[in-house]
Amino acid sequence: MIPADVDPLAVFLLGLTSWLYARGLAAIWRRAGGRKGIRGWEAACFGAGWITLAVAIVSPLHPLGERLFSAHMAQHEVLILLAAPLLVLGRPLVVFLWALPPAARERVGEWAASRPVSAVWQRITGPLTVFLIHGIALWIWHAPVLYEAALRNNAVHLAQHASFFGTAALFWWALIHGRYGRMGYGVAVFDVFATALHSGVLGALLTFAPRLWYSIYADRTAVWGLSPLEDQQLAGLIMWVPSGALFVALGLAFFAAWLGEAERRATLGQTERVRRTWLEMAEGGKGV
């Protein structure tokens, strides 16, 4: 039996995604004759992301987040900075497609490749677009009227978590698998550090606010040995410091990948120039 404080829809979706991924991965590896197409580390990333997603939405962290703002903030950061990028690294869209029967897979593939759908997808996965979409979601949901509505209504709460996770997944997908290729990692560096900056500002505002932003927590924190304002300050610090540090680490990883790709292209370009020089010299020698 599912505990009363766990959303049955969340449990169902977790079970469905794990089943689809396992089915699709088996189909891909069976067709490829081994662990090809989706590499082992990509499948491991999906598994790790699935576990962190489960921790965020069906573990004791979820009901605790309704009593402590700091726990709720930790829950959101797990969704945004751990579950979303790990799941994206597992390339779930490709794997889920292979979980479908052949006829359905072909129809879905044709629909996704159609001009209207691909045009919309390209627009919403542009680096500036995903930066704005995720940033707007982050700030809007921290408006007191919406934040407290999420704690009072399960449907609004689900919409809040879906918004945070969905926009974060779109953000990380665009930066990791976007249409600009590996040289797009330079844009990714900007997006990650800019997101770290504005989310850090929000965290700092919560940390140094002289009054409580969300009155709903006013009578919920005493049992945990915290005043409501101390709980808010802790939530702000979670968003500001450890989350900011993780953003910086991810940004540096993109920066290293960007430099590595630039160096690889420079080496290839130099090799091609040497090859052409030797060809020109050889052709010149033939004419002598």
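The table that follows gives values for the structure above.
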| read-out | value |
| --- | --- |
| Criterion: in a helix (DSSP H, G or I) and either modelled with pLDDT of 85 or more or of a type outside the set (A, V, I, L, M) (or both) - qualifying residue of 257, 253, 196 | 196 |
| Verdict on residue 205 being surrounded by fewer than 16 Cβ atoms within 10 Å (Cβ to Cβ), modelled with pLDDT of 95 or more and farther than 20 Å from residue 79 by Cβ | yes |
| Lone qualifier among 100, 87 - being under 20 Å from residue 56 (Cα atoms) and either surrounded by 15 or more Cβ atoms within 10 Å (Cβ to Cβ) or touching a Cys at 6+ places or on another chain (Cβ under 9 Å) (or both) | 87 |
| Some residue of the range 28-38 being over 19 Å from residue 158 (Cβ atoms), within 17 Å of the chain's Cα centre (by Cα) and in contact (Cβ under 8 Å) with a residue 60 or more places away in the chain | no |
| Test: residue in the range 206-217 that is over 29 Å from residue 132 (Cα atoms) and basic (Lys, Arg) | no |
| Any hit, the range 15-37, residues being crowded, with 16+ Cβ neighbours inside 10 Å, modelled with pLDDT under 90 and not in a helix (DSSP H, G or I) | yes |
| Which numbered condition residue 51 misses (of (1) in a helix (DSSP H, G or I); (2) closer than 19 Å to residue 157 by Cα) | (2) |
| Any chance residue 94 is out of contact with any Ser or Thr (no Cβ under 7 Å at 6 or more places or on another chain), more than 17 Å from residue 226 (Cβ to Cβ) and surrounded by 23 or more Cβ atoms within 10 Å (Cβ to Cβ) | no |
| Spans of helices (runs of 4 or more DSSP H) in the range 125-182 with at least 3 residues crowded, with 16+ Cβ neighbours inside 10 Å and either free of Cβ contacts under 8 Å to residues at least 60 places away in the same chain or out of contact with any helix residue (DSSP H, G or I) (no Cβ under 9 Å at 6 or more places or on another chain) (or both) | 154-177 |
| Number of the exception - residue 218 against (1) over 18 Å from residue 65 (Cα atoms); (2) over 21 Å from the mean Cα position of the chain (by Cα); (3) not basic (Lys, Arg) | (1) |
| Pair list, Cβ < 8 Å and 6+ apart or interchain, from the range 55-75 residues that are free of Cβ contacts under 8 Å to residues at least 24 places away in the same chain and closer than 19 Å to residue 223 by Cβ to residues that are of a type in the set (S, T, N, Q) and surrounded by fewer than 24 Cβ atoms within 10 Å (Cβ to Cβ) | 61/75; 65/75 |
| Residue 170 vs. criteria at pLDDT 90 or above and farther than 15 Å from residue 128 by Cα | no |
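The values are calculated or read from the model by the stated rules, or taken from the named source; none is laboratory data. Computed from a prediction, not measured in an experiment: that's the story for all the values here. Positions of Cβ are generated from backbone atoms using ideal geometry, with glycine treated the same way; all protein chains shown enter the neighbour counts.
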